[in-house]
Amino acid sequence: MTALRIPPTGLRFENIDKRYGGLFALRRISFEIAPGECVVLAGRNGSGKTTLLRVAAQIVKPTAGKLSFPGADAALPANGRPGYVAHTTMVYDELTAEENLLLFGKLQNVENPAARAEELLREVGLMERRDSLVRTFSRGMRQRIAIARALIHRPSVLLFDEPATGLDPPGITWLANSLREVNRAGCTVVMSLHGESEISALATRAVQLDAGRVIADTQSGASLHSILTFGSA
Amino acid sequence: MSLLSNTAILLDKELRTEFRSRELLTTTAVFILIVLVLFSFAINPGTEEARQFAPGLLWLAILFASSLMFQSCFLREQTNDTLSSLRLAVSDPFAIFLAKLIANTLFLLLTELMMLPFFAIFYNIPLWSKLPVLILVLFVGSLGISIAGTAISAISAQARMRELLLPLLLLPLLTPVLVVSSLVTASLLDREPIVQWKGIGFLAVFDLIFLTALWLFGEYLLEE
């Protein structure tokens, strides 16, 4: 994956609450992710992982609390916008792979969006299908174009919501290698995962959520394994 | 500047996806045509009655057809959660609304222009001499419908009973547009045509007020 042009950025959650009606999706979330860290968010279904990622992506506004990006360069607006890969592809089925990347590149004022789109299409292995409509893609190809879209503006923070969903073993290996390269280039990576895999092996830290609260936060190997397998931290 | 450039990029996307699928244009055109054909059996063409009631029927058909169009306006964005990716990418969320309402206005106008010859034939009302002013009325009326419809579509797309909610909110809101557009069109298609500039002015003011409201509060409509 392409090396970053912009300085690495961290993430800071300060007393984040998110409430949907009377239901608390997140309660008093406070922790900081250092620039360049690779963090796994673990927890059972409904624990608040997706909501926390969507808050970090600035798609969902927290009910209370503050989100900030330490180290973000105010002169580069794209730097403050994380790249986000969700359960869904977040691209248009009725557009081609290249048209999708051009659309999001242009919207984010990417310098020479055509060249950047071509570069990413080559990196995610979709160059030969650049003119195909996304609706004709397999699940693995869709995940690749989703990742390319998230990377189009060279973000310094990447957020992944269960990135391995629907991928076959070679796809998971490809994703793990891509994430490793992006992380090595200085990008902060935060991902939600279920269980251990090639991708979770990249993590240097795990944060466990339960009922919208952080119940464990560890960087040690044994505890990290325990959190990812839903054991006690 | 970024608002205008983002709007232009998103408008290009809206037009490209629609002209590739042709879902909205086909549905809207067929619906208006069916309504015009059905009502032409009830009203004797070429009579005073036709001149009096046909403009209202035309606008009613446009209104109902547009509510079909607006159903999928923001619903399309939910299939792959593309609304979230757009919100992440644009600096001003109003660009999303602006692109959609311009696209909706263009689709409505295009459909109306395609339907005008059928309207003239089925109701035996000559339109040619009044065409420039008629297009102006269709434009200000359709713009009003699109502005309100795009806003309501954003609200209803997040609701559970969205298919029901959209017409329930939209139709009462657009009653003034329906009434004034029908009156202005009826005066224009009369044997002694009159251009009701006050009515056209009312429609323009309606458009301006709703556009301003959308600009001020649109961001909240996109929040989860």
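Distance between the 7 Å Cα→Cβ label points at A:Asn15 and B:Glu192: 7.4 nm. Take the Kirkwood radius over Cα pairs of region B:2-221, plug it into Stokes-Einstein at 25 °C and 0.890 mPa s, and you get 137 µm²/s for translational diffusion. Residues within the reach of a label modelled at B:Ala120 (point 7 angstrom out along Cα to beta-carbon, backbone nitrogen below 18 Å), restricted to region B:22-41, are B:33, B:36-37.
Among A:Asn100, A:Asn109, A:Asn177, the residue with the largest mean-square fluctuation in a Gaussian network model of chain A, with springs joining Cα atoms closer than 10 Å, is A:Asn109.
Taking 0.36 nm per residue of separation and subtracting the Cα-Cα distance, full extension of the segment from A:Leu23 to A:Arg130 would add 34.2 nm.
Using the count of nearby Cβ atoms within 10 Å as a rough guide to exposure, how do A:Ile16, A:Ile172 rank from fewest to most?
In order of increasing Cβ crowding within 10 Å: A:Ile172, A:Ile16.
Of the GluC sites (Glu not before Pro) found in region A:83-190, those that fall in a DSSP loop while having at most 14 other beta-carbon atoms within 10 Å are A:Glu111. Each peptide in B:126-135, A:208-217 gets a packing score, the mean of other Cβ atoms within 10 Å over its residues, and the list from highest to lowest is A:208-217, B:126-135.
Working note: Cα gyration tensor of the protein assembly as shown, eigenvalues times five, square-rooted, sorted largest first, giving semi-axes of 51, 22, 19 Å. Counting only Cβ charges, +1 for Lys and Arg and -1 for Asp and Glu, the dipole size of the protein assembly as shown around its Cα centre is about 580 debye. Taking each DSSP H run with n ≥ 4 as -39500 (n - 2.57) and averaging over every residue of chain B yields -29000 deg cm²/dmol at 222 nm.
Amide H contacts under 5 Å for A:Arg213: A:Arg27, restricted to partners 5 or more places along the chain or on a different chain, H placed in the peptide plane at 1.01 Å from N. For A:Ala72, the residues 5 or more places off, or on other chains, whose built amide H falls under 5 Å of its own are A:Gly10. Highest mobility in the GNM of chain B, judged by mean-square fluctuation with C-alpha springs under 10 Å and restricted to B:Ile209, B:Ile102, B:Ile147, is found for B:Ile209.
Fully extended, how many nm does the chain gain between B:Ile135 and B:Thr79 (0.36 nm per residue separation, minus their Cα-Cα distance)? Mind showing how you got there, number by number?
Working: separation 56, 0.36 × 56 = 20.16 nm, distance 3.50 nm.
Stretched out fully, the B:Ile135 to B:Thr79 stretch lengthens by 16.7 nm.
Exposure proxy shown here: for B:Phe70, B:Phe31, the number of other Cβ atoms within 10 Å sets the order, fewest to most, as B:Phe31, B:Phe70. Residue exposure proxy: B:Ile194, B:Ile145, ordered by other Cβ atoms within 10 angstrom of their Cβ from fewest to most, comes out as B:Ile194, B:Ile145. Note that region A:91-154, at 25 °C in a medium of 0.890 mPa s, gets a Stokes-Einstein diffusion coefficient of 221 µm²/s from its Kirkwood radius over C-alpha pairs. Here's the picture: charge each Lys and Arg Cβ at +1 and each Asp and Glu Cβ at -1 in region B:1-67, and of B:Phe41, B:Thr7, B:Ile62 the one pushed furthest to the positive end of that dipole is B:Thr7.
Could you work out how far helix A:113-123 tilts from the main Cα principal axis of chain A, as a 0 to 90 degree angle to the nearest 10? So the helix axis and the longest Cα principal axis differ by about 70 degrees.
Between 0 and 90 degrees, the angle of helix A:139-151 with respect to the longest Cα principal axis of chain A falls at about 80 degrees. For peptide A:93-99, the mean count of partner chain Cβ atoms within 10 Å of a residue's Cβ comes to 4.
Please work out the FRET efficiency for the pair B:Met161 and A:Thr204, using the Cβ-Cβ distance as r and a Förster radius of 51 Å; give the result to the nearest 0.05. Computed FRET efficiency for B:Met161 and A:Thr204: 0.65. Here the 3J(HN,Hα) profile of region B:216-224, calculated from phi with Karplus coefficients 6.51, -1.76 and 1.60 at θ = phi - 60°, is 6, 10, x, 4, 5, 6, 8, 6, 7 Hz, Gly and Pro shown as x. Among the listed pairs A:Lys61/A:Lys106; A:Lys49/B:Lys100; A:Lys18/B:Lys100; B:Lys130/B:Lys198, those with a Cα-Cα distance over 28 Å are A:Lys49/B:Lys100; A:Lys18/B:Lys100.
Would you mind calculating the gained length between B:Leu110 and B:Ala204 on full extension (0.36 nm times residue separation, minus the Cα-Cα distance), in nm to one decimal? Could the numbers behind the result be given before it?
Numbers: separation 94, 0.36 × 94 = 33.84 nm, distance 1.96 nm.
Taking 0.36 nm per residue and subtracting the Cα distance, the gain is 31.9 nm.
Peptide A:83-91 shows a mean partner chain C-beta count of 4 within 10 Å per residue C-beta. Overall, the ratio between the Cα radius of gyration of region A:88-233 and 2.2 N^0.38 Å, rounded to two decimals, is 1.13.
FYI, it's all coordinate maths here, none of it is from the lab. Since this is a predicted model, take the numbers as computed values, not measurements. Here the Cβ is made from the backbone with ideal geometry for all residues, glycine too, and neighbour counts use every protein chain on show.
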